[in-house]
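Down below is the structure, laid out as structure tokens.
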Amino acid sequence: MFDINLAKYGMDVCLITEDKTFSYQEVDALCSDLEKSLPLSKQLILVKAQINIETIIGYLSFLRKNHAFIMLDASVDDALSDNIIATYQPNLIWEERKDGVEYLYHYSRYGLKLHNKSVIELHPKLSLMLSTSGTTGSPKMVKLTKDNLYSNCNSIVEYLKIDKRHRAISNLPLYYSYGLSVLNTHLEQGASLVVSDKSIMSKEFWEIFKNHEVTTLSGVPYNYEIFRRIGLMKMELPSLKFMTQAGGKLNHKLVKEYALWAESKGIEFFVMYGQTEATARISYLPLDKIFIKEESIGIPIPNGKLLLKDLNSDELINEPFIEGELLYKGNNIMMGYATKIDDLKSDDELNGILHTGDVAKRDNDGYFYITGRLKRFIKVHGNRVGLDEIEQYLKSQPYDILCTGVDNKLMIVTQEAGQVEEIKKAVIQQYNLHHSVVKVKYMEEFPTTSAGKIKYKEIIKLFS
Amino acid sequence: MNNQEKLLQAFSEALGVDKSVITDELEYNAISEWDSVAHMSLIAEIEEIFDIMVDNEEIIEMNSLLKIKEILSKYDVNF
């Protein structure tokens with residue numbers, strides 16, 4: 001698979017950075033070099049991930065040497081990374097080198113730091129760990145195995161038909177399952193990846209895109225809104241042949257606009273659905289179905305299976321157009337979550353079935369449609385934002401509030417009219433959210449059922 | 001408000017920063033507050049405050065305050 005067999009592609013172009021082009025052989029050699037400094041026994045490693053070659057070399061090395069490792073956003077607040085380090089006590093940390101710190105090994109700007117010599121009990125299959133909490137502070141991690149990664153990689157390569165002539169670009173972060181899936185699938189096929197951390201809003205990004213003849217562009221809904229705003233559809237990008245979209249629901253009018261434009265340019269546009277808990281990909285909408293299966297998440301990836309379960313029982317739903325919880329079966333399902341160091345030794349808890357937390361229905365042709373979300377989070381500009389975390393944080397300040405929302409709009413209600421501005425500021429500051437996505441309103445009385453359960457839907461109505 | 005004041009207002013609103021932080025030398029991504037989300041918001045604020053519609057292709061050119069002033073002059077907004 002992609003991590004072990006790098007050398008098989010020899011001199012073919014693998015990674016392209018602003019300074020240099022690396023062949024597969026060179027990438028393999030860089031990994032081997034780093035691996036010489038790694039202990040033979042299974043380690044827990046924290047990677048402070050940025051979009052750069054050093055992060056990728058670390059990722060591939062730790063993966064192929066069977067270590068358990070966390071890919072963490074290097075730019076998170078110190079408080080959050082300190083919390084993760086304190087929770088998991090990683091043996092080693094792969095990070096951008098700092099002055100005055102001793103490193104066991106270094107490559108370019110990164111160094112391998114010894115953090116904890118004690119033996120941590122790690123499940124032998126535990127491999128990649130990814131956070132889904134974004135900026136809302138919890139150290140909860142999704143635990144994935146190498147089989148999960150390989151299985152998802154193979155499925156994605158199959159339906160996207162990725163081959164060695166493709167060239168992707170790293171605009172998606174490498175601490176994010178979607179970003180890693182782009183890397184994995186392109187390496188698997190001997191294709192190439194342009195490694196640039198330039199923003200998609202910058203002129204430089206598109207110059208790099210053109211100069212290196214990138215064929216494949218991926219993005220979450222927020223990226224696609226930016227692409228539209230900066231005039232992607234009017235740009236001269238003759239090399240662009242494939243576009244993929246995942247990470248949330250893209251407005252269906254925009255989906256159609258892109259689909260029409262893509263068709264006119266001979267570009268293949270794929271709308272996809274998934275979650276980190278399933279490594280990345282769960283389903284995709286085949287090209288020729290974008291117009292007739294509007295707003296559908298499509299059909300399961302090769303070797304995957306989608307089921308619907310009644311919301312109030314364990315009964316499976318077989319009839320079309322009836323809503324239920326979307327369940328997924330496949331080899332790409334996580335082992336479970338970890339919230340503390342003890343969880344790292346636990347066995348697979350899910351037994352091959354993932355409760356996606358989404359409400360969905362199917363149509364007569366077996367195409368699925370998401371109609372709602374059971375879990376208490378929203379997506380803001382592509383990132384998961386935990387509603388319970390925010391609610392608990394504000395309550396601890398203490399503010400008497402309730403928190404809910406829809407994608408890209410956090411909705412908070414308070415029974416203290418005078419605190420509206422203060423609460424808004426507190427949330428923006430604590431969670432680094434843009435003011436345009438945070439709405440706070442006064443509500444005279446919080447809506448509850450006779451049993452005392454909060455009626456969040458009523459709060460959402462207040463903001464509509 | 002004159003145009004300079006209007007521009008500072010747009011920046012202040014979009015980035016959520018104090019006007020004192022906004023200098024001519026300020027560039028996109030130079031401060032954490034001027035990220036892609038703020039940039040989209042900034043364009044919207046500029047369009048509203050100057051009553052113009054910025055060309056799509058110009059948005060990626062507007063990567064510094066000076067550059068923005070330059071581009072705005074094409075819309076007859078002078079500083």
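The values are calculated or read from the model by the stated rules, or taken from the named source; none is laboratory data. Not measured: the values here are computed from a predicted model. All Cβ positions, even for glycine, are placed from backbone atoms using ideal geometry, and neighbour counts span all protein chains on display.
Pull up the stretch A:329-370, narrow it to residues that are among the polar types (S, T, N, Q) and part of a loop (DSSP other than H, G, I, E, B), then point me to the one that is nearest to the chain's Cα centre (by Cα).
Only one residue fits best here, namely A:Asn332.
Conditions tested, residue by residue: (1) among the polar types (S, T, N, Q); (2) modelled with pLDDT under 95; (3) within 24 Å of A:Tyr150 (Cβ to Cβ); (4) touching a strand residue (DSSP E or B) at 6+ places or on another chain (Cβ under 8 Å).
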{"residue": "A:Asn251", "(1), (2), (3), (4)": "yes, yes, no, no"}
{"residue": "A:Ile267", "(1), (2), (3), (4)": "no, no, no, yes"}
{"residue": "A:Met272", "(1), (2), (3), (4)": "no, no, yes, yes"}
{"residue": "A:Ala278", "(1), (2), (3), (4)": "no, no, yes, yes"}
{"residue": "A:Ser283", "(1), (2), (3), (4)": "yes, no, yes, yes"}
{"residue": "A:Pro286", "(1), (2), (3), (4)": "no, yes, yes, yes"}
{"residue": "A:Ile297", "(1), (2), (3), (4)": "no, no, yes, yes"}
{"residue": "A:Asp310", "(1), (2), (3), (4)": "no, no, no, yes"}
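To keep it simple, each residue is scored yes or no on (1) hydrophobic (A, V, I, L, M, F, W, C); (2) within 15 Å of the chain's Cα centre (by Cα).
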residue: A:Ser138; (1), (2): no, no
residue: A:Tyr150; (1), (2): no, no
residue: A:Glu158; (1), (2): no, no
residue: A:Lys161; (1), (2): no, no
residue: A:Ala168; (1), (2): yes, no
residue: A:Asn171; (1), (2): no, yes
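Any idea which of (1) more than 25 Å from A:Asn364 (Cβ to Cβ); (2) outside any helix (DSSP H, G or I) is the one A:Tyr258 doesn't satisfy?
(2)
In the stretch A:146-192, how many residues are at positive phi and either crowded, with 22+ Cβ neighbours inside 10 Å or in contact with a helix residue (DSSP H, G or I) (Cβ under 9 Å, 6 or more places away or on another chain) (or both)?
Selection size over the stretch A:146-192: 1.
Quickly run through the stretch A:292-314 and pick out the residues that are touching an Asp or Glu at 6+ places or on another chain (Cβ under 9 Å) and within 15 Å of A:Asn332 (Cβ to Cβ).
Result: A:Ile301, A:Pro302, A:Asn303.
Matching residues to (1) assigned by TED's automatic domain parsing to the domain that holds A:Ser218; (2) closer than 20 Å to A:Pro139 by Cβ:
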site: A:Tyr367; (1), (2): yes, no
site: A:His381; (1), (2): no, no
site: A:Val385; (1), (2): no, yes
site: A:Asp400; (1), (2): no, no
site: A:Thr404; (1), (2): no, no
site: A:Lys409; (1), (2): no, no
site: A:Thr414; (1), (2): no, no
site: A:Gln419; (1), (2): no, no
site: A:Val427; (1), (2): no, no
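Output the residue which, of all residues in the stretch A:319-341 that are touching a residue at least 40 places away in the same chain (Cβ under 8 Å) and of a type in the set (D, E, K, R), is surrounded by the fewest Cβ atoms within 10 Å (Cβ to Cβ).
For the stretch A:319-341, the residue satisfying everything is A:Lys340.
Taking the options A:Asn66, A:Asn5, name whichever one is more than 20 Å from the chain's Cα centre (by Cα) and free of Cβ contacts under 8 Å to residues at least 12 places away in the same chain. Spell out how you get there, then give the answer.
Working: A:Asn66 fails: free of Cβ contacts under 8 Å to residues at least 12 places away in the same chain.
Result: A:Asn5 is the single residue among A:Asn66, A:Asn5 that is more than 20 Å from the chain's Cα centre (by Cα) and free of Cβ contacts under 8 Å to residues at least 12 places away in the same chain.
Checking A:Lys249 against (1) surrounded by fewer than 21 Cβ atoms within 10 Å (Cβ to Cβ); (2) away from chain B (no Cβ under 14 Å); (3) in a helix (DSSP H, G or I), only one condition comes out false. Which one?
(3)
Look at the stretch A:177-215 and say how many of its residues are out of contact with any Gly (no Cβ under 7 Å at 6 or more places or on another chain), within 16 Å of A:Ile156 (Cβ to Cβ) and either within 11 Å of chain B (Cβ to nearest Cβ) or part of a helix (DSSP H, G or I) (or both).
11
Might you let me know whether the stretch A:111-119 holds any residue that is in contact with a helix residue (DSSP H, G or I) (Cβ under 8 Å, 6 or more places away or on another chain) and modelled with pLDDT of 95 or more?
First, the residues of the stretch A:111-119 that are in contact with a helix residue (DSSP H, G or I) (Cβ under 8 Å, 6 or more places away or on another chain): A:112, A:115.
From what's left, modelled with pLDDT of 95 or more: A:112, A:115.
The answer is yes; a qualifying residue exists.
Restricting attention to the stretch A:380-394, does a residue exist that is away from every other protein chain (no Cβ under 14 Å), among the acidic types (Asp, Glu), touching a Leu at 6+ places or on another chain (Cβ under 8 Å) and free of Cβ contacts under 8 Å to residues at least 24 places away in the same chain?
So far as the stretch A:380-394 goes, yes, one or more of its residues are away from every other protein chain (no Cβ under 14 Å), among the acidic types (Asp, Glu), touching a Leu at 6+ places or on another chain (Cβ under 8 Å) and free of Cβ contacts under 8 Å to residues at least 24 places away in the same chain.
Of all residues in the stretch B:60-73, count the ones that are over 16 Å from B:Leu15 (Cα atoms), aliphatic (A, V, I, L, M) and either part of a helix (DSSP H, G or I) or touching a Cys at 6+ places or on another chain (Cβ under 9 Å) (or both).
So the count comes out to 3.
Looking at the stretch A:223-234, I want the residues that are within 7 Å of another protein chain (Cβ to nearest Cβ) and have a partner that is among the β-branched types (Val, Ile, Thr) with Cβ atoms under 6 Å, at least 6 apart or on another chain. Which pairs are those?
Short answer, once both residue conditions are applied: A:Ile226/A:Ile200; A:Ile230/B:Ile59; A:Ile230/B:Ile60.
Would you mention how many residues in the stretch B:20-57 are within 9 Å of chain A (Cβ to nearest Cβ), more than 21 Å from A:Val437 (Cα to Cα) and assigned to a helix (DSSP H, G or I)?
Number of matching residues: 2.
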